[in-house]
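The structure appears below as structure tokens.
The values are calculated or read from the model by the stated rules, or taken from the named source; none is laboratory data. Just so we're clear, the structure is a prediction, and the values are computed from it rather than from any experiment. For neighbour counting, all protein chains shown are included, and Cβ atoms are generated from backbone atoms with ideal geometry for every residue, glycine included.
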Amino acid sequence: MTAGLDVGAPQAQSIASDQDVVRVRQMVRTVAVAVKLSLVDQTKLVTAASELARNTLVYGGGGEVLVSIVENGRRRGVRIVFTDKGPGIADLDLALTDGYTTGGGLGLGLSGARRLVDEFDIETAAGKGTRVTVTKWSR
């Protein structure tokens, strides 16, 4: 799947199965390498993306991800947007609390994913789903 990936263009992937979570990991790794993130930052970003993709599948009932290369004038980075149309997060403050988990994921939760990236934004509404945007910048 990633062999012919045009990393310069935004990459979209549906998340409807465990295999899709694996595809998201591969796609994020490929783009992170293209942006020249350090190995440590690649690992952090792939780990966060894996957790967020799993959350999209398990709690959001599936959704999609968009992976893009971004620039801020001085450096390049990878921006990843996860979107689902699930039930939303009832208690966002609780969900962002360190150590909070409902089980089944890597045990990082949203707070762990937030610590692994440089920018983290979440929008959620009951019955309307959740959108999580993360960015990791090259050093």
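For the list (1) modelled with pLDDT of 95 or more; (2) under 23 Å from Arg115 (Cβ atoms); (3) within 16 Å of the chain's Cα centre (by Cα), I need the number of the one condition that Ser38 fails. Only one criterion in (1) modelled with pLDDT of 95 or more; (2) under 23 Å from Arg115 (Cβ atoms); (3) within 16 Å of the chain's Cα centre (by Cα) is unmet by Ser38, namely (3).
Scanning the range 49-89 for residues that are closer than 11 Å to Val24 by Cα and of a type outside the set (Lys, Arg) yields a count of 11.
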